[in-house]
Each structure stands twice: as C-alpha cells, then as structure tokens.
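Beneath this line is the structure, given in structure tokens, with notes to follow.
The values are calculated or read from the model by the stated rules, or taken from the named source; none is laboratory data. Quantities reported herein were computed from a predicted structural model and do not represent experimental measurements. All Cβ positions, even for glycine, are placed from backbone atoms using ideal geometry, and neighbour counts span all protein chains on display.
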Amino acid sequence: MWKPTVDEIERLYEKHAKQLEATHWGKFLALTPDGQFILGEDDVEIFFKAMQQFGEGNFVLIRIGERSVDVLRQVSQSARSDIYPFVEVAWSARHFRQQNWAYADTGFEGFLSIPSTLIQRIGEPHGNVWTRMADGSVSISMAYFGTVEIVGIGEAIPSRILAMGGEFLLGRRILDRYRVTFDRGQQIVIERI
C-alpha cells in the first residue's frame, strides 16, 4: 500500500497535475504514483471510480489548485451501535448535510426516510414518488437525491431520500450492502463483506 509523504505528493502534483490548473481549477483529481488520474466535479464519484480502477490506498485525492489532499488508505470495515435498534447515519440532500440515528428497518425497502418537517430546511424536493407502506397502502412521498453513509464505515452511497412521516428509517437498499447482525437486542454490528 502506497504511503506518500507530503513532499512526495507535492512533487507528484507538480509533475502530473499543475498543468491542469488553467482549465480544471477546483475539480477533484484522483492521482496514482505513476501519474494515472481520474478527473471530475464530485469528490465522492471520483473516489468510487478510483477505488474501482486503482484499488484502495493506491491514489491520493486532490482538488486542483488547492493544497488539500486526502490520502485514501484504509476504509473502515465495520460499525457498531449500542443504541439498539438504531444506526448512526450521515446523509446529505441538496446542500444540507446532517448526522442522525436511524431505525434499522428491515421492512423498509428504500434507502433512507427522513421526517417530512426537514423539507423546510433542505429546500424543494427533487420530485415525488409513489411509496407502498407497510400496511399495503400507497402514498406519495417527496424525494431527494443525495448520499447516505453509515457512520464508521465511510462509504457514501448515492441514494433516494424520502421525506415522509416523523422518523429516520434506514432501509434495505443500504442495509443489504453489508452483513448486519442484530445481536441479542443489545447492539447492531454492520460489516463490509
């Protein structure tokens, strides 16, 4: 696994990325030690592309023209919650970002449901979707496109976030990505597999 020093990253930037400042200032760049790179507007998207193309710990994430660098080495493989049956999630929609404890709801087939009262703080939803409720009824829910991650795992998942009801519910579209253990009603353990 590559573990560059700040000086090595500076030299790598000067050699392979400096010339991009004139045309790509502010964009994100995943850069490998041999000069391969992926360029784009969205750091999360670039991160996932680089993980697939270069592998974990084999690149740095740089913002063109700025000297802030994230060396992406090891993504945490598990999270644990002793606040049963809740899981701490970080989520974002539009320019709004927040962390909350969400009920791990294996009966909810979506990504994340947030209280509808948050619409006033987030802004206009991206649209409306038909949602089948647990009792079989159908209702229209306001929806945002954003990201959801389980705190401690560090994997931002592009998600449809529904604004309905009064609780935070974490659904199967997120939970099914991991091994989830409901441990004797005392804790939830979530592991990347």
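Can you tell me how many residues in region 160-193 are more than 30 Å from Gly123 (Cα to Cα) and in a loop (DSSP other than H, G, I, E, B)?
Qualifying residue count for the region: 6.
Among the numbered criteria (1) farther than 27 Å from Arg80 by Cα; (2) touching a Leu at 6+ places or on another chain (Cβ under 6 Å), which one does Val148 miss?
(1)
Go through (1) crowded, with 19+ Cβ neighbours inside 10 Å; (2) in contact with a Ser or Thr (Cβ under 7 Å, 6 or more places away or on another chain); (3) more than 21 Å from Asp82 (Cα to Cα) for Ile114 and report which single condition fails.
Just one mismatch for Ile114, condition (2).
Identify all residues within region 102-111 that are over 19 Å from Glu149 (Cβ atoms) and surrounded by 19 or more Cβ atoms within 10 Å (Cβ to Cβ); write none if there are none.
Selection gives nothing.
Starting from residues that are surrounded by fewer than 18 Cβ atoms within 10 Å (Cβ to Cβ) and of a type in the set (A, V, I, L, M), keep the ones in region 129-178 and report whichever is nearest to Gln98 (Cα to Cα).
Among them, the one singled out is Val151.
Of all residues in region 33-47, how many are part of a helix (DSSP H, G or I) and among the aliphatic types (A, V, I, L, M)?
Number satisfying all stated conditions: 2.
The conditions are (1) in contact with a His (Cβ under 9 Å, 6 or more places away or on another chain); (2) among the small types (Gly, Ala, Ser); (3) at pLDDT 95 or above, and Gly65 fails exactly one of them. Which is it?
The one condition Gly65 does not meet is (3).
If I filter region 1-26 down to residues being in a loop (DSSP other than H, G, I, E, B) and farther than 14 Å from Val60 by Cα, which single residue comes out as nearest to the chain's Cα centre (by Cα)? Please lay out each step first, then the result.
Keep residues of region 1-26 that are in a loop (DSSP other than H, G, I, E, B), which gives 1-5, 17, 25-26.
Subset that is farther than 14 Å from Val60 by Cα: 25-26.
On the way: Trp25: 24, Gly26: 20 Å.
Of everything passing the filter in region 1-26, Gly26 is nearest to the chain's Cα centre (by Cα).
Please specify each residue of region 34-49 satisfying the condition of being over 19 Å from the mean Cα position of the chain (by Cα) and exposed (fewer than 15 other Cβ atoms within 10 Å of the Cβ).
Asp34, Gly35, Gln36
Please specify each residue of region 105-152 satisfying the condition of being at pLDDT below 85, assigned to a loop (DSSP other than H, G, I, E, B) and not hydroxyl-bearing (Ser, Thr, Tyr).
Within region 105-152, Met133, Ala134, Asp135, Gly136 qualify.
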